[in-house]
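Here the structure is laid out as structure tokens; the discussion comes afterwards.
The values are calculated or read from the model by the stated rules, or taken from the named source; none is laboratory data. A quick note: this is a predicted structure, and the numbers were derived from the prediction, not measured. Cβ atoms come from the backbone with ideal geometry, glycine included; neighbour counts cover every protein chain shown. Ligands, DNA and RNA are excluded from the accessible area calculation, which covers all protein heavy atoms including side chains. Shrake-Rupley method; radii C 1.70, N 1.55, O 1.52, S 1.80 Å.
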Amino acid sequence: MTIIESIHAALATVEDPEIHRPLPDLGMVESVQVDAGIAQLKILLTISGCPMQDRLRSDISKAVMAVETISSVEITFGVMNEEQRGNLKSLLRNGREKIIPFAQPESLTRVIGIASGKGGVGKSSLTVNLAVAAAQKGLRVGILDADVYGHSVPRLMGLIGQRPTAIDQMFIPLESYGVKVVSMEMFKPERSDAVAYRGPLLHKVLEQLLSDAYWGDLDLLLIDLPPGTGDLAISLGQLIPTSEILVVTTPQIAAAEVAERAGRIAHQIKQHLVGVIENMSDFPCPNCDDMISLFGSGGGEETAKRLSELAGINVALLGKVPFSPDLRTGGDNGAPVVVQYPESAAAKSIIAIVDQLVVRKKSLLGVRLGVST
Ligand SMILES: Nc1ncnc2c1ncn2[C@@H]1O[C@H](COP(=O)(O)OP(=O)(O)OP(=O)(O)O)[C@@H](O)[C@H]1O
């Protein structure tokens, strides 16, 4: 192997930190020269001012310095031209025009919309913790925060104020705790701006977030839906007919009727109902042995029963997540409870729910995930 070939081989071991594919495959290596033991490289970035430039410089230097006889590495960064970016986009889309990868018949990604009847029941907190717990088990997981009214996922994942890298209209999801994250919030000019998307526009926005993001291969995509029986849940069913719905409710019996309505829509558009999670359930009194039922009891069972009757299948109550100050503070600080307090009752119940959601085959990776019912 010539020295130039050795450097190319070394560069093939370096991945783009966001796209997670080798630099040469992405067309990022423009030229390699060697002069008296100095490797001179021209590397093309997808956009100017790429935030990953420092990381790339250090990863490339480390790999190339390991090549025998190389004493130093000089890197010049350039920016891809329109044609080069076009090639990259086409590569990331597998040579196809803009599509929703999860809607293709060969897709192995399980897509689950997290729905609730009412707001504030902890749907976003559970979405984030379920996703992170699944990633901890070795699954490749994404979250799409489609809760236009709340979009709290960036805060819960410690990503507040961060914007994804865009390659023209395509963009790379942000990553936190091993989970790829896209939120409608990331595309607002100002965080405080209200998102004024309505009906048909909302459908378009969901379609774009699903198709314009480079998600890569995912085992599981969780979609945090707005509360209620809104248009977006229907859009999800239309855009990804194999998508499923998981309903979050509280222990309050009175909330069961509203939660049932959220599940009813899914059933009407023939989406599979994965199950029900009761959140903010009984928690142990910190000062005595009593269990405290802040929000009553029985709401999860009642919702699961009603949805089972409606769908004519067993819609299981997958678990009860206790009321947990740790879960709330973890959310406020961008540190999900399954990471920060994995031994807490809330984290354990979430991890147990993920175990039920994922039917383990030989390997979790690349296997179509089933549901245990
Ligand atoms: N199990 C729990 N114990 C204690 N607090 C919780 C629990 N689950 C959620 N919370 C808190 O309840 C509040 C609402 O949670 P979250 O934003 O996840 O709800 P949501 O259903 O997504 O609301 P919306 O759809 O209106 O945005 C947050 O402050 C969160 O920290």
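Percent of accessible area on region 3-92 owned by carbon and sulfur, 1.4 Å probe?
Here carbon and sulfur together make up 47 percent of the probe-accessible area.
Taking amide H atoms as placed 1.01 Å from N in the peptide plane, list the residues 5 or more away in sequence, or in a different chain, whose amide H sits under 5 Å from that of Ser183.
Here the answer is Asp145, since their amide H atoms fall under 5 Å of that of Ser183.
Starting from the Cα of Arg57, step 7 Å along the direction of its Cβ; do the same at Leu91; then give the gap between the two resulting points in nm.
Computed distance between label sites Arg57 and Leu91 equals 2.3 nm.
Work out from phi, with θ = phi - 60° and the Karplus expression 6.51 cos²θ - 1.76 cosθ + 1.60, the ³J(HN,Hα) of each residue of region 8-15, listed in order in whole Hz, and give x for Gly and Pro.
3J(HN,Hα) across region 8-15, in whole Hz: 4, 5, 5, 5, 5, 8, 9, 9.
Please build a GNM for the chain, connecting alpha carbons under 10 Å apart, and tell me which residue among Ser72, Ser61, Ser107 fluctuates the most.
Ser72
Once the Cα atoms of helix 199-212 and of the chain are each reduced to a long axis, what angle between those two axes, in degrees from 0 to 90 to the nearest 10, is obtained?
40
Solvent-accessible area per residue for region 26-88 at a 1.4 Å probe radius, Å²?
About 54 Å² of surface per residue is accessible.
Using the structure shown, select from Lys89/Lys137; Lys118/Lys320; Lys270/Lys320 the pairs with a Cα to Cα distance greater than 24 angstrom.
Beyond 24 Å between Cα atoms: Lys89/Lys137; Lys270/Lys320.
About its Cα centre, what dipole magnitude does the chain give when the only charges are +1 on Lys and Arg Cβ and -1 on Asp and Glu Cβ, stated in debye to the nearest 20?
Here the size comes out at about 720 debye.
Under a 5 Å amide H to amide H cut-off, with H placed in plane at 1.01 Å, what residues pair with Val29 once short-range neighbours are removed?
Leu44
Put a dot 7 Å past each Cα toward the Cβ at Glu301 and Ile313; how far apart are the dots in nm?
2.4
Pick from Gly275, Gly296, Gly37: which is most flexible by mean-square fluctuation in a GNM of the chain where alpha carbon atoms under 10 Å apart are linked?
Checking each option, the largest mean-square fluctuation is seen for Gly37.
Let me check I have the definition right: for region 307-353, take the eigenvalues of the Cα gyration tensor, multiply each by 5, take square roots. What are those semi-axes in whole Å, largest first?
28, 10, 8
Mind pulling the angle between the C-alpha long axis of helix 82-92 and the longest principal axis of the chain? Nearest 10 degrees, somewhere in 0 to 90.
In the chain, helix 82-92 runs at an angle near 50 degrees to the longest axis.
Taking only protein heavy atoms and a 1.4 Å probe, what accessible area per residue, in Å², does region 101-357 have with all protein chains in place?
Each residue of region 101-357 exposes 39 Å² on average to a 1.4 Å probe.
Of all accessible surface on region 101-357 at a 1.4 Å probe, what whole percent is carbon and sulfur?
Of the solvent-accessible surface of region 101-357, carbon and sulfur hold 52 percent.
Kindly state, to the nearest 0.05, the FRET efficiency for Ser71 paired with Gln162, given R0 = 35 Å and r defined as their beta-carbon distance.
Plugging the Cβ-Cβ distance into 1/(1 + (r/R0)^6) gives 0.40.
Antiparallel DSSP bridges in the chain: what percent, to the nearest 5?
Counting DSSP beta bridges with both partners in the chain, the antiparallel share is about 25 percent.
Can you tally the net charge around Lys123? Count Lys and Arg as +1, Asp and Glu as -1, for every other residue whose Cβ sits under 13 Å from the Cβ of Lys123.
Once positives and negatives cancel, what remains is -3.
Using Cα springs under 10 Å in a Gaussian network model of the chain, which residue among Pro51, Pro164, Pro154 shows the largest mean-square fluctuation?
Of Pro51, Pro164, Pro154, the Gaussian network model singles out Pro51 as fluctuating most.
Once fully extended, how much extra length lies between Ala352 and Glu257, figured as 0.36 nm per residue of separation less the alpha-carbon to alpha-carbon distance?
Full-extension gain reported as 31.6 nm.
Can you give the FRET efficiency to the nearest 0.05 for Lys42 and Ile99, using r as the Cβ-Cβ distance and R₀ = 25 Å?
Between Lys42 and Ile99 the formula returns 0.15.
Which percent of the Cα-Cα distances in region 1-111 go past 20 Å?
Across region 1-111, Cα pairs with separations above 20 Å total 46 percent.
To the nearest 10 degrees, how steep is helix 299-311 against the longest Cα principal axis of the chain, on a 0 to 90 scale?
For 299-311 against the chain, the angle is about 80 degrees.
As I understand it, the dipole of the chain uses +1 on the Cβ of Lys and Arg and -1 on the Cβ of Asp and Glu, about the Cα centre. Which of Gln136, Ser107, Gly150 lies farthest toward its positive end?
Going by the charge dipole, the pick is Ser107.
How big is the chain along each principal axis, measuring the range of its Cα positions in Å and listing the largest first?
76, 48, 45
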